[in-house]
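Peer 1: Take this structure first; my questions come after.
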Amino acid sequence: MAQRTSTAPLQATDAVAPVESANDAERRTALKRMKRLAAGLLALMAVIFTVSFALQERYPWLEYVRAAAEGGMVGAIADWFAVTALFRYPLGLRIPHTNIIANRKDEIGASLGEFVETNFLSEGVIRGKLESVAPARRLGAWLTAPANADEANADEANADEANADKANVERLTDELAVAGQGLLNLLGDDAIKNLIESVAREHLVKPEWGPSLGRVGQRLVTSGQQHAAVDLLLDRADGWLHDHPEAFGRVVSQRLPSWMPGFVDKLVDDRAYREVLAFVASARQNRQHPVRKALDDYLDEVMHDLQYEPAMIARVENLKAEVLDNAKLREFAGDTWEAVKASLTQALGDPTSALRVGIRSTLHDVGVRLTTDAALGSRIDRWLADTASYIVANYRHEIAGVITETVERWPAAETASKIELQVGRDLQFIRINGTVVGALAGLAIFTLAHAIAALV
């Protein structure tokens with residue numbers, strides 16, 4: 001196996017104590033109880049040995065009891081030494097090859113990282129596990145599952161009851177909304193405004209507007225899209241003329257000489273009104289009317305000038321510069337971001353908003369697809385397996401290195417205490433078993449020795 005790349009030496013300031021888990025207090029109590037039990041057996045063996053040793057001449061059968069107690073004490077002390085030597089110096093004496101975990105903490109961390117890398121972070125293990133669990137189908141089933149009353153009751157002591165009664169897709173939507181609001185608050189307003197301003201300047205201000213407007217307008221004119229606008233304009237003009245004849249008359253009268261007699265003024269107004277009505281009606285009804293043709297030609301010429309006439313292009317650029325100067329562009333960027341942020345914040349905070357409803361609907365639809373479309377689920381499973389295999393193949397040294405580096409950063413004494421807390425209770429059974437086995441061995445050896453002596 002390839003050697004893991006060594007990391008930079010860790011400074012003393014990098015030391016981080018192991019994290020206490022929720023069950024550590026219970027483990028600590030159990031460890032103390034088992035230590036007292038093992039120590040109590042040793043004390044019991046010592047008492048039995050003392051009493052039997054003192055009375056064995058009066059009661060010879062106590063020699064067997066003394067031998068058993070003596071063997072039990074030897075076994076108890078030997079196994080106490082063996083267990084204690086793993087985590088600290090026995091009786092504070094710096095005996096070689098004791099306090100093993102603290103002294104060899106870094107080597108243990110490296111070995112643990114290597115073990116995980118070799119036996120868990122392999123392509124075969126990861127791919128096989130993902131293929132066996134069918135993650136796409138499981139995700140789909142989870143997304144489409146309704147509120148689970150049994151699960152809610154099981155977690156009632158640790159979960160919020162109102163949240164537990166929600167379907168999975170609703171809970172996921174709530175979490176995404178909270179994450180989205182947090183992200184919006186995390187983003188710096190000035191940085192986002194600068195980004196919007198930069199994007200607007202790059203894609204809105206720097207390019208020339210004239211040619212782009214001309215090309216778009218040319219396509220609209222060529223396809224006849226302007227005819228609908230002309231029809232609307234003529235319809236509105238006809239309606240206004242019929243509804244406001246007096247206003248039209250006043251406009252015409254204001255253009256006539258003041259010395260003209262009133263009856264002539266009236267005749268001119270009426271004639272002009274009828275002619276304009278007839279002109280507008282004719283233009284509305286005749287798709288080939290000269291005014292329509294003239295308007296088409298004018299629009300075509302304008303679109304051509306926007307693309308190729310330098311004077312027209314310059315006029316548009318001057319107009320753009322007036323509309324989008326630096327101050328106005330900055331104001332536009334600020335207003336845009338503030339409006340978007342306020343809208344998103346409000347929508348994410350409202351469970352009935354269109355955004356939240358859309359997210360829930362989309363997640364549910366995804367879940368339905370994943371549970372009903374086997375081909376899609378298989379493709380996603382293969383992609384996940386390929387991705388995980390790629391990550392493991394290329395980064396397993398770094399992933400396993402987290403274990404090594406974390407153990408290296410733990411203080412030696414606290415590392416030993418943490419490991420003892422996890423396995424120390426079970427190790428106390430070694431002391432108990434050593435006491436029992438030692439007593440049986442002492443009794444057996446003493447009995448065998450007496451038997452041999454009797455035969456001789």
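The values are calculated or read from the model by the stated rules, or taken from the named source; none is laboratory data. Since the structure is predicted, the reported quantities are computational estimates derived from the model, not experimental observations. All Cβ positions, glycine included, derive from the backbone under ideal geometry; neighbour counts span all protein chains shown.
Peer 1: Residues to consider are THR352, THR406; find the one that is free of Cβ contacts under 8 Å to residues at least 40 places away in the same chain and under 34 Å from the mean Cα position of the chain (by Cα). Outline the logic, then answer.
Peer 2: Values: THR406 fails: free of Cβ contacts under 8 Å to residues at least 40 places away in the same chain.
Exactly one residue qualifies, and that residue is THR352.
Peer 1: Is it the case, given these coordinates, that ALA393 is surrounded by fewer than 16 Cβ atoms within 10 Å (Cβ to Cβ), in a helix (DSSP H, G or I) and in contact (Cβ under 8 Å) with a residue 40 or more places away in the chain?
Peer 2: Considered against the rule, which asks whether it is surrounded by fewer than 16 Cβ atoms within 10 Å (Cβ to Cβ), in a helix (DSSP H, G or I) and in contact (Cβ under 8 Å) with a residue 40 or more places away in the chain, ALA393 comes out as yes.
Peer 1: Which residue is surrounded by the most Cβ atoms within 10 Å (Cβ to Cβ), if the candidates are limited to segment 338-352 and must be closer than 19 Å to GLY188 by Cα and of a type in the set (A, V, I, L, M)?
Peer 2: We begin by selecting, within segment 338-352, every residue closer than 19 Å to GLY188 by Cα; these are 338-346, 348.
When the remaining residues are screened for being of a type in the set (A, V, I, L, M), the result is 339-340, 342, 344, 348.
Values: ALA339: 10, VAL340: 13, ALA342: 11, LEU344: 17, LEU348: 23.
Per the criteria, the residue is LEU348.
Peer 1: Report, ordered by the first and then the second residue, all pairs with beta carbons closer than 8 Å, sequence separation of six or more or different chains, a first member in segment 437-456 that is part of a helix (DSSP H, G or I), and a second member that is modelled with pLDDT of 90 or more and of a type in the set (Phe, Trp, Tyr).
Peer 2: LEU443/TYR64; PHE446/TYR64; THR447/TYR64
Peer 1: Among the residues of segment 398-423, count how many are surrounded by fewer than 17 Cβ atoms within 10 Å (Cβ to Cβ) and farther than 30 Å from LEU31 by Cβ.
Peer 2: 2
Quick grid of which residues meet (1) part of a helix (DSSP H, G or I); (2) charged (D, E, K, R):
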residue: ARG274; (1), (2): yes, yes
residue: ALA278; (1), (2): yes, no
residue: LEU299; (1), (2): yes, no
residue: HIS304; (1), (2): yes, no
residue: ALA314; (1), (2): yes, no
residue: LYS328; (1), (2): yes, yes
residue: ASP335; (1), (2): yes, yes
residue: THR345; (1), (2): yes, no
residue: PRO351; (1), (2): no, no
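Peer 1: Kindly indicate whether any position in segment 304-319 is within 16 Å of LYS206 (Cα to Cα), in the same structural domain as THR222 (by TED's automatic domain parsing) and exposed (fewer than 12 other Cβ atoms within 10 Å of the Cβ).
Peer 2: Within segment 304-319, one or more residues are within 16 Å of LYS206 (Cα to Cα), in the same structural domain as THR222 (by TED's automatic domain parsing) and exposed (fewer than 12 other Cβ atoms within 10 Å of the Cβ).
Peer 1: Quick one: would you say ALA281 is of a type in the set (Gly, Ala, Ser) and within 30 Å of ASN194 (Cβ to Cβ)? Reasoning before the result, please.
Peer 2: Details: of a type in the set (Gly, Ala, Ser): yes; within 30 Å of ASN194 (Cβ to Cβ): no.
Against the criterion (of a type in the set (Gly, Ala, Ser) and within 30 Å of ASN194 (Cβ to Cβ)), ALA281 does not qualify.
Peer 1: Also: If a residue must be surrounded by 13 or more Cβ atoms within 10 Å (Cβ to Cβ), in a helix (DSSP H, G or I) and without any contact (Cβ under 8 Å) to a residue 40 or more places away in the chain, how many such residues does segment 368-384 contain?
Peer 2: 1
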